[in-house]
Amino acid sequence: MDKFNFLTVAIKNLRRKTFRTGALVFSIALLVCLMIFALSFVVSVSSGIKKTSDRFGADLLVVPVGARSNAEEFLLESKEASFYMPKSIIDRVRKIEGIEELTYQTYLTTISGLCCDIAPTRIIAFNQGSDFIVNPWLQKSLGRKLKKGEAIAGYETDYNLGFELLDVEKTIFNNKFKIVGVLDKTGTGLDNALFMDEENLNDIIASGKSPLKTGDISIIFAKLKKGLDPYLVGKKVEADIVEVDVVSRREMGGSLLNALKDINKIFLVSISMASILAVFLVWAIFSAIANERSKEVGIMRAIGAKESHIVRLFMLEVFIIAIMGSIIGIATGVSLSASLSRSFNILKDISASLSLIQHTVIAIAGLLVGFAVCVAGAMMPVNRIKKLEPLLAIKKE
Amino acid sequence: MQHIEIEDLSKIYTVDKLAINAVDHVSLKIGKGEFVSIVGHSGSGKTTFISMIGGIIKPSSGRILVEGNDICLLNDDALSEYRNRKVGFMFQFASLLPVLTARENLLLPGLFNGAKTSNDGKKAVEYLEMVGVGDKLNAYPSQLSGGQQRRVAIARALMNDPELILADEPTGDLDEETEGEIMNLFEKLNQEKKLTFIFITHNLELARHAKRQIRMTNGLIKEI
Ligand SMILES: Nc1ncnc2c1ncn2[C@@H]1O[C@H](COP(=O)(O)OP(=O)(O)OP(=O)(O)O)[C@@H](O)[C@H]1O
Ligand SMILES: [Mg+2]
């Protein structure tokens, strides 16, 4: 014969009012979905920023004075920007105490028109001799250095421009470039760029189509000697060289993170309010359920159910609702954030994506909130009903 | 040996500050294996009285000793175990759980019994056959007649092999023939298993089946 246990009773009880059970599951699902969505958003943006600043492997970013936010936008949000300073700054930075290693890059954006036969895209020209930013990926993807007249595409660039076939020739500022490969996904703004060695810049300048002048660079990346505070060294650089601004690794994305804090607060407030609403809903429904079933509870108590048995029966129902609601909520929340991430510029630009661990942690958080809301809402009515004397519970209508 | 000793037992309900002495300083001794009937007018306190013995409502004062132990002093878990293992309660009103089938209603007491044995399934079928609803195993209460529901409830009260049966008008809506069968079953259980029976009835004819008869009036008892 089939099994008979507490779960059987709980499931049968839930089935007697499918619409009501469904409505509860749906509300929990909505709450969990909202939470998953908000968490995914916040976590992907902030971890995207962190990942980017970590990937650069540099403690300090030195940019022309006033270009600090341009640089952050270029690196974090894949925005186009042109900011330049003379190459001579490199040596002045190098002389500052505490700097161990540095490299530099020059940024420009292709323009559509006769000079270029690709859609506007960001170009990063770097110095292969001193580079420690791009090289690790280059080694992995290509296994050798770039030659003159060669370019390699960032992961997203390849997708956006539709190169697909490698070894294609492209004209950039009237110069022919061979696209020799695609870099692995880095999850940073570097995915949205085309990389080439800086020795190509002279030819590009010679084309007369770019705003670039000979000897211009955009940014210097610096590594510090061990144990030095990047913030202090950064201040010293700014004091010694008035033509530059410095962004330390810690400050990177500071303005974005600040904006994120406000978004955080909005999410926090709306999730709290939604949770309170959901707790109230669960409470109201379980109060009604408890009243409806007071006779049944009285009978079960009369034939020997302990208070804990009554709690177990109701909590099983609560758990089933919580699990179903949370799972539906997690599934919809995950797909919602996946599909909406394309329509949020900030997510697209940061090329933020969540790791499996982050996904799991967010899902668990959603599950916990779903459970907490259900248990909190049902606790009071269930405790009230279990305390009734059996005969009085039976007679209560 | 006395099975139940009731000493100066009272239950006062208060409704709108008005005290109702539903059971009024009652003392009574019932031996093991006795067969006792209680009659009395509606509202005389019969249900309240046996409910206190069955541990489903607390007395206002007095003591109820069952095999020498005062059940009024038990904590909630121990009292629940007492109700589960020692008492078979048959209610005056419909008392089956509507979401469970007849068979599942019989398995319910076993669910609350920690020391449950695994042959409950077989026993449930056996008992349902014994009370004449063996063909209604998987019927829900709403699919049973009033009398059939009552018989399922009687069978349920026997499931955990209680030593004391408290029956509140157990044959209320049964026809005379079935009523007779149920009374025969009670007498058989009383004689063969030495179960103690206390049953409430409005039917004086039935009351006379019992060797000991009690009349209740306004919360007071009198042996007939
Ligand atoms: N929960 C309650 N609150 C207040 N008064 C109650 C309550 N239960 C019973 N009473 C009162 O206690 C008295 C005894 O009730 P009880 O149910 O014990 O009577 P009874 O003898 O079983 O009646 P019947 O034969 O109609 O079942 C009645 O006057 C009733 O009004
Ligand atoms: Mg009664």
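How much accessible area per residue does the protein assembly as shown have, in Å², with a 1.4 Å probe?
45
Relative contact order for chain B: what percent, with Cα pairs under 8 Å and sequence separation of 6 or more?
30
Quick one: accessible surface of A:Val182, probe radius 1.4 Å, all protein chains present, in square angstrom to the nearest 10.
About 40 Å², rounded to the nearest 10.
Tally Lys and Arg at +1 and Asp and Glu at -1 over the other residues with C-beta under 11 Å from the C-beta of A:Val65: what net charge comes out?
My count for the surroundings of A:Val65 gives -2.
Calculate what fraction, in whole %, of the accessible area of the protein assembly as shown sits on carbon and sulfur atoms when a 1.4 Å probe is rolled over the protein chains.
The nonpolar share, carbon plus sulfur, comes to 57 percent.
In whole Hz, what ³J(HN,Hα) sequence does segment A:120-135 give by Karplus (6.51, -1.76, 1.60; θ = phi - 60°), x for Gly and Pro?
x, 8, 8, 10, 10, 9, 10, 8, 5, x, 9, 4, 10, 9, 8, 3
Once you put a point 7 Å from the Cα of A:Glu80 and another 7 Å from the Cα of B:Glu205, both along the Cβ direction, what distance in nm separates them?
10.4
Pull up the DSSP beta bridges for chain B and report the antiparallel fraction as a percent, rounded to 5.
Given both bridge residues lie in chain B, the antiparallel proportion sits at roughly 55 percent.
Obtain the nm distance between the two label points defined at A:Ala372 and B:Glu67 by a simple spin-label model: each point lies 7 Å from its Cα along the Cα-to-C-beta direction.
Here the answer is 4.8 nm between the modelled labels.
Which trypsin sites (Lys or Arg not before Pro) does segment B:64-133 hold that lie in a coil by DSSP with at most 15 other beta carbons within 10 Å?
B:Lys116
Run the helix sum for chain B: -39,500 (n - 2.57) per DSSP H stretch of 4+ residues, divided by residue count, reported at 222 nm to the nearest 500 deg cm²/dmol.
So the helix-based figure for chain B works out to -9500 deg cm²/dmol.
Can you give the angle from 0 to 90° between the axis of helix A:6-15 and the longest principal axis of chain A, with both taken from C-alpha atoms, to the nearest 10?
So the inclination is approximately 80 degrees.
Taking θ as phi - 60°, what are the ³J(HN,Hα) couplings along segment A:51-66 by the Karplus curve (6.51, -1.76, 1.60), each to the nearest whole Hz, with x for Gly and Pro?
The phi angles translate into 4, 4, 5, 5, 4, 5, x, 10, 8, 10, 10, 10, 10, x, 4, x Hz.
Working with all protein chains in place, sort B:Phe112, A:Phe280 by solvent-accessible area computed with a 1.4 Å probe, largest first.
Output order, biggest surface exposure first: A:Phe280, B:Phe112.
Return the calculated 222 nm mean residue ellipticity for chain A, to the nearest 500 deg cm²/dmol, obtained by summing -39500 (n - 2.57) across DSSP H runs with n ≥ 4 and dividing by the residue count.
-18500 deg cm²/dmol
Indicate, rounded to the nearest 5 percent, the antiparallel portion of the DSSP beta bridges found entirely in the protein assembly as shown.
Within the protein assembly as shown, antiparallel bridges account for around 65 percent of the total.
Please list, ordered by chain and number, the residues whose modelled amide H lies under 5 Å from the amide H of B:Glu34; skip anything fewer than 5 residues away on the same chain.
Excluding prolines and chain starts, which carry no amide H, the hits are B:Phe197.
Once fully extended, how much extra length lies between B:Asn184 and B:Asn218, figured as 0.36 nm per residue of separation less the alpha-carbon to alpha-carbon distance?
9.2 nm
Using Cα pairs closer than 8 Å and at least 6 residues apart in sequence, work out the relative contact order for segment A:55-252, in percent.
Dividing the mean separation by the residue count of segment A:55-252 yields 36 percent.
Any idea of B:Ser42's accessible area? Nearest 10 Å², probe 1.4 Å.
Probe radius 1.4 Å; accessible area of B:Ser42 about 110 Å².
Does anyone have the angle between helix A:307-340 and the longest principal axis of chain A? Alpha-carbon axes, 0 to 90°, nearest 10?
With both axes taken from Cα atoms, the answer is about 30 degrees.
Out of all DSSP beta bridges with both ends in segment A:55-252, state the antiparallel percent to the nearest 5.
80
Please give every one of the lysines within straight-line cross-link reach of A:Lys396, meaning a C-alpha to C-alpha distance under 22 Å, and leave out same-chain neighbours fewer than 8 residues apart.
Correct list for A:Lys396: A:Lys17, A:Lys295, A:Lys306, A:Lys386, A:Lys387, B:Lys11, B:Lys17, B:Lys46, B:Lys58.
What GluC sites (Glu not before Pro) in segment A:96-141 are in a loop by DSSP, with at most 13 other Cβ atoms within 10 Å of the Cβ?
Loop-located and lightly packed - A:Glu97.
How big a patch of accessible area, both sides summed and in Å² to the nearest 100, lies buried between A and B at a 1.4 Å probe?
So the total buried area for this chain pair works out to about 2800 Å².
With N denoting the number of residues in chain A, provide Rg(C-alpha) divided by 2.2 N^0.38 Å, to two decimal places.
Against the empirical 2.2 N^0.38 Å value, I get 1.41 for chain A.
The values are calculated or read from the model by the stated rules, or taken from the named source; none is laboratory data. For clarity, every value in this text was computed on a predicted model and none was experimentally measured. Positions of Cβ are backbone-derived with ideal geometry, glycine not excepted, and every protein chain shown enters the neighbour counts. Heavy atoms of the whole protein, side chains included, go into the accessibility calculation; ligands, DNA and RNA do not. Shrake-Rupley method; radii C 1.70, N 1.55, O 1.52, S 1.80 Å.
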